[in-house]
Amino acid sequence: MELIRCAWGDSAPEYVAYHDEEWGTPLHGDDALFERLCLEAFQSGLSWITILRKRAAFRAAFAGFAVDAVADFTEEDQARLMADAGIVRNRAKIAAVVRNARSAQDLPEGLSALLWSFAPTAPRPRPATLADVPATSPESVAMAKELKRRGFVFVGPTTAYALMQATGMVDDHVATCFRART
């Protein structure tokens, strides 16, 4: 029997694996969430498939997205990244990753605790179709505002909501999807 997925989850082999194994699964840990935050920022203006296909190169280029390692990146490291054809070479986004790592180091509660503090606790209606999936939420607006207040960049409400979806803070699998939680 073939599994029924969210419509986007069947459009490419990379999407099938990402949808089935990762998207919407609760994820914790500062480095793991830092990676997702960075990748969502890199995705801005691009297709997510582009980021998925370059994910291994991103991990190699950004020291596995270890917050402390990225926070130590120098101007020379940023120049190296601009020359790396394996990643998206956007000077502002590369600089944002380094700045955000430094901002993450300054969070007394840690990045994971801060981000998860914005996860909605009240039940939400399950989207029936992709058209019912929002681009932002009151929680993502609040998350983006707080991250910006704490020195983060490239973290608007849409990016924050995509992060919330990707890391299981919200479950936007459509009602017919086999991954939809009750």
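The values are calculated or read from the model by the stated rules, or taken from the named source; none is laboratory data. Keep in mind that what you see is a predicted model, and the values were worked out from it rather than measured. Cβ sites come from the backbone with ideal geometry, for glycine too, and all protein chains shown count toward neighbours. The area values use the complete protein model at the heavy-atom level, side chains included, leaving out ligands, DNA and RNA. Shrake-Rupley method; radii C 1.70, N 1.55, O 1.52, S 1.80 Å.
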Within the range 70-86, residues within 16 Å of Arg59 (Cβ to Cβ), among the aliphatic types (A, V, I, L, M) and either under 16 Å from the mean Cα position of the chain (by Cα) or in a helix (DSSP H, G or I) (or both) come out as Val70, Leu81
Within the range 1-49, restricting to residues that are assigned to a loop (DSSP other than H, G, I, E, B) and without any contact (Cβ under 8 Å) to a residue 40 or more places away in the chain, the one that is least open to solvent (accessible area, probe 1.4 Å) is Ala12
Scanning the range 155-172 residue by residue, those touching a helix residue (DSSP H, G or I) at 6+ places or on another chain (Cβ under 6 Å) and either modelled with pLDDT under 95 or part of a loop (DSSP other than H, G, I, E, B) (or both) turn out to be Val155, Gly156, Thr167, Val170, Asp172
Note: among Thr167, Thr176, just one is open to solvent by less than 10 Å² (accessible area, probe 1.4 Å), in contact (Cβ under 8 Å) with a residue 60 or more places away in the chain and of a type outside the set (A, V, I, L, M, F, W, C), namely Thr167
Considering the range 9-54, residues that are in contact with a Leu (Cβ under 7 Å, 6 or more places away or on another chain) and of a type outside the set (Phe, Trp, Tyr), and then whichever is farthest from Thr159 (Cα to Cα), we arrive at Glu14
Across the range 117-151, the tally of residues that are under 21 Å from Ala96 (Cα atoms) and in contact (Cβ under 8 Å) with a residue 60 or more places away in the chain stands at 0
Note to self: Whether any residue in the range 135-152 is in a loop (DSSP other than H, G, I, E, B), more than 26 Å from Glu21 (Cα to Cα) and either within 16 Å of the chain's Cα centre (by Cα) or modelled with pLDDT under 95 (or both) is what I want to check.
What the structure shows: yes
Within the range 78-131, restricting to residues that are open to solvent by 30 Å² or more (accessible area, probe 1.4 Å) and among the hydroxyl-bearing types (Ser, Thr, Tyr), the one that is modelled with the highest pLDDT is Ser117
(1) part of a helix (DSSP H, G or I); (2) within 25 Å of Val170 (Cβ to Cβ) all hold for Ala122 apart from (1)
In the range 1-58, residues that are polar (S, T, N, Q) and under 24 Å from Arg102 (Cα atoms) total 2
Note on the range 53-77: residues exposed (fewer than 15 other Cβ atoms within 10 Å of the Cβ) and either hydrophobic (A, V, I, L, M, F, W, C) or over 29 Å from Val16 (Cα atoms) (or both) are Ala56, Ala57, Ala60, Asp68, Ala69, Asp72, Thr74, Glu75, Glu76
Being in a helix (DSSP H, G or I) and either touching a strand residue (DSSP E or B) at 6+ places or on another chain (Cβ under 9 Å) or over 20 Å from Ala162 (Cβ atoms) (or both): is that true of Arg102 here?
yes
Within the range 132-158, restricting to residues that are among the β-branched types (Val, Ile, Thr) and surrounded by fewer than 21 Cβ atoms within 10 Å (Cβ to Cβ), the one that is farthest from Cys38 (Cα to Cα) is Val133
